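To start, the structure under review is shown below, and the notes come after it.
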Amino acid sequence: MTENTIKNNSCEILYSLIQTRLSEAQMDWMKTVILFENENLFFQNFGLISRMIPSDSPQWSRSEKINLEQLYPGLTSGQWNLQQFCRCLLMAHIPEDQNVTIIKKLTQSADINELICIYKGIFFLENAFEFVPLVEEGIRTNITSIFDSIALLNPFAAKYLPLKSWNQLVLKALFMGRPLYQITNLDLRKNEILAFIATDYIHERWSAGRTVSPEIWRLMDGFVNKEITSDLLKVIESGDPLSKHAAIIVLRENASNTCNNILRPINTTLWNYIGEQYYIQINK
């Protein structure tokens with residue numbers, strides 16, 4: 001399917017996965033609330049979903065995983081529940097020429113769980129690109145769960161954020177100690193500016209006698225210069241095992257030192273392993 005076809009099918013896919021998991025009475029209620037006549041009814045129905053729909057987390061069939069990952073990369077690895085899918089379906093039924101205004105208004109009164117759903121659900125909308133300013137506001141939050149709903153297992157950031165905002169999101173994920181390996185399509189948006197800013201961050205941490213996440217070296221892959229090479233060699237000499245592993249990967253993959261390094265395939269399996277192991281260690 002093309003991207004436009006997938007986007008046009010978002011309502012259909014959401015409706016289908018909800019229909020197979022709700023009771024007849026719950027589905028009948030959903031059929032009525034998606035036909036809201038004005039924004040006040042939308043706000044009312046959006047809030048009522050937490051009372052009318054269970055918060056069960058779906059189990060996916062193989063075909064559902066395929067369809068959902070085409071529609072929304074990372075979805076089946078994330079923490080979704082039926083209330084969130086119902087709210088996303090409701091959002092998708094707002095007329096496109098009104099949804100930016102209505103959803104922005106909703107964020108001003110929404111609770112944390114509702115905000116999480118809003119930021120996770122924007123990507124389903126056909127005019128998702130129009131929500132960049134709203135998402136940029138969301139990135140400024142200091143509430144981890146809200147930040148995660150934008151940054152982790154959500155394809156919106158990589159697809160729509162401009163370079164400056166994308167770099168801010170990745171750096172904030174580092175500052176907040178969030179898992180970089182869960183940022184959807186991180187490797188597709190790596191860039192030289194981000195690599196050099198991350199290098200400065202590493203030096204600041206080292207000067208203060210502090211460590212950095214081994215995942216940070218993933219951002220250097222494709223942009224290794226003499227300074228970064230020196231840092232990598234330092235990590236191999238005196239870093240922790242996961243950081244040494246990361247440094248070796250970067251040096252090995254960038255050994256040819258050609259301008260086309262960024263175009264070569266990235267070993268996401270190794271990087272994901274490093275990220276997973278690191279966050280297991282720090283959360284023990």
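The values are calculated or read from the model by the stated rules, or taken from the named source; none is laboratory data. Keep in mind the model is a prediction, meaning the values are calculated, not measured. Virtual Cβ from ideal backbone geometry, glycine too; neighbours counted across all protein chains shown. Heavy atoms of the whole protein, side chains included, go into the accessibility calculation; ligands, DNA and RNA do not. Shrake-Rupley method; radii C 1.70, N 1.55, O 1.52, S 1.80 Å.
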Charge dipole of region 106-187 built from unit charges on the beta carbon (Lys, Arg +1; Asp, Glu -1), centred at mean Cα; most positive-end Cα among LEU171, LEU134, ILE122 is LEU171
Longest principal axis of the chain (C-alpha) makes with the long axis of helix 62-71 (C-alpha) an angle, in degrees to the nearest 10, of 80
With a 1.4 angstrom probe the carbon and sulfur portion of accessible area for the chain, in percent, totals 49
To the nearest 10 degrees, the tilt of helix 241-253 (Cα long axis) against the first principal axis of the alpha carbons of the chain is 80
Net charge (Lys, Arg +1; Asp, Glu -1) of residues whose beta-carbon lies under 12 Å from that of TYR273, TYR273 excluded, is -1
At q = 0.15, 0.17, 0.19, 0.27 Å⁻¹, the log10 of I(q)/I(0) for region 69-140 from a Debye sum over equal Cα scatterers comes to -0.47, -0.61, -0.78, -1.54
Of all stretches in the chain that avoid GluC sites (Glu not before Pro) placed in a DSSP loop and having at most 12 other Cβ atoms within 10 Å, the longest is 97-284
Expressed in angstrom and rounded, the centroid-to-centroid distance over alpha carbons for region 115-179 and region 196-244 is 25
Going residue by residue through region 86-99, the Karplus relation 6.51 cos²θ - 1.76 cosθ + 1.60 with θ = phi - 60° gives ³J(HN,Hα) values, rounded to whole Hz and with x marking Gly or Pro, of 5, 5, 5, 5, 4, 4, 5, 9, 6, x, 4, 7, 10, 5
Semi-axes of the chain from the Cα gyration tensor (sqrt of 5 times each eigenvalue, largest first, whole Å) come to 39, 18, 17
With x for Gly and Pro, the residue-by-residue ³J(HN,Hα) of region 224-237, computed from phi through the Karplus equation 6.51 cos²θ - 1.76 cosθ + 1.60 at θ = phi - 60° and given in whole Hz, is 6, 10, 5, 5, 5, 4, 4, 5, 5, 5, 5, 5, 4, 6
Scaled by the rule-of-thumb 2.2 N^0.38 Å, the alpha carbon Rg for region 21-121 gives a ratio of 1.08
In deg cm²/dmol, rounded to the nearest 500, the helical mean residue ellipticity at 222 nm of the chain, built from -39500 (n - 2.57) for every DSSP H run of length 4 or more, is -18000 deg cm²/dmol
Computed over region 136-249, protein heavy atoms only, probe 1.4 angstrom, the accessible area per residue in square angstrom equals 43
Amide H contacts under 5 Å for ILE183, restricted to residues at least 5 apart in sequence or on another chain and with H modeled in the peptide plane, are LEU153
